[in-house]
Amino acid sequence: MTRSAVLNIDTQCSFFHSTSWQDADFPAFQQAISALIAGAQARQMPVVDIFHVEEEGVFSSASGHVRPMPFLTHAPAARFEKQVHNAFTGTGLDRWLRLHDCQHLVICGIRTEQCCETTARVASDLGYRVTFVTEATLTFPMTHKGITLDVDALRHRTETVLAGRFATPLTVAECLESLT
């Protein structure tokens with residue numbers, strides 16, 4: 001039997017203080033990720049918290065913001081800090097997952113197209129089966145060359161590039177049903 005683990009990526013207070021923060025999609029994200037984590041815990045799946053840490057600014061340890069967002073009440077099975085976009089490079093996460101025989105990863109957290117997507121790609125390359133729970137990820141509009149992609153466009157783009165290549169995008173309900 002394949003053991004699954006939830007990777008909760010960067011759901012940390014640092015974002016409340018970042019220039020990209022917007023409240024609009026936060027309530028839906030909060031509800032979705034809470035349901036996913038509760039469902040995983042009910043199935044006795046480990047939930048691993050990953051935090052992004054930088055040397056300076058709101059993502060630095062010195063800022064006091066590198067901690068779980070207040071609505072998160074779970075006790076993580078493990079906690080890792082990363083300095084790059086993916087949760088594997090330099091963290092010890094891969095070793096921990098293999099020691100705990102986790103071969104299937106469920107990705108959630110902040111930012112959909114950045115750290116969550118990058119982690120999904122690297123996990124796939126390392127041989128893990130990956131489920132990407134898009135509704136349990138959060139992102140913010142982005143502008144490049146005068147074109148702004150809204151949250152829905154970024155989510156769709158992420159699912160499009162991951163599906164059939166690096167991960168299986170599912171809703172919270174679909175993910176939890178597949179774990180039963």
If you check every pair at least six apart or on different chains, which have Cβ atoms under 6 Å apart with a residue in region 1-17 that is farther than 17 Å from R98 by Cα and touching a residue at least 60 places away in the same chain (Cβ under 8 Å) first and a residue that is among the aromatic types (F, W, Y) and open to solvent by less than 10 Å² (accessible area, probe 1.4 Å) second?
Q12/F51
Could you tell me whether any residue of region 145-152 is surrounded by fewer than 23 Cβ atoms within 10 Å (Cβ to Cβ), aliphatic (A, V, I, L, M) and more than 20 Å from Q31 (Cα to Cα)?
yes
Step by step: first the residues of region 1-53, then only those that are charged (D, E, K, R) and surrounded by fewer than 23 Cβ atoms within 10 Å (Cβ to Cβ), then the one that is farthest from V122 (Cα to Cα). Which residue is that?
D23
Does at least one position in region 165-176 carry a residue that is among the charged types (D, E, K, R), under 10 Å from T112 (Cα atoms) and open to solvent by 70 Å² or more (accessible area, probe 1.4 Å)?
no
If a residue has to be of a type outside the set (V, I, T) and either under 10 Å from the mean Cα position of the chain (by Cα) or surrounded by 24 or more Cβ atoms within 10 Å (Cβ to Cβ) (or both) to count, how many in region 103-112 make the cut?
4
For region 76-180, please list each of the strands (runs of 3 or more DSSP E) lying entirely inside it that holds at least 2 residues being of a type in the set (V, I, T).
102-110, 129-138, 147-149
Take region 17-31 and flag every residue that is part of a loop (DSSP other than H, G, I, E, B) and of a type outside the set (F, W, Y).
S18, T19, S20, Q22, D23, A24, D25
Within region 37-58, count every residue that is under 24 Å from A167 (Cα atoms) and not in a helix (DSSP H, G or I).
10
Looking only at region 119-133, which residues are open to solvent by 10 Å² or more (accessible area, probe 1.4 Å), in contact with a helix residue (DSSP H, G or I) (Cβ under 8 Å, 6 or more places away or on another chain) and among the hydroxyl-bearing types (S, T, Y)?
Y128
Could you pull out the residue among S4, S14, S34 that is part of a strand (DSSP E or B) and farther than 18 Å from E117 by Cβ?
S4
Please verify whether region 2-9 includes one or more residues that are touching a strand residue (DSSP E or B) at 6+ places or on another chain (Cβ under 9 Å) and farther than 20 Å from A136 by Cα.
yes
Counting only residues that are at negative phi and either open to solvent by less than 60 Å² (accessible area, probe 1.4 Å) or of a type in the set (A, V, I, L, M) (or both), region 54-93 contains a total of 24
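The values are calculated or read from the model by the stated rules, or taken from the named source; none is laboratory data. Just so you know, these numbers come straight off a predicted model, no measurement behind them. Glycine gets a Cβ as well: all are built from the backbone with ideal geometry, and neighbour counts include every protein chain shown. Quick note on the areas: whole protein, heavy atoms, side chains included, nothing else; ligands and nucleic acids left out. Shrake-Rupley method; radii C 1.70, N 1.55, O 1.52, S 1.80 Å.
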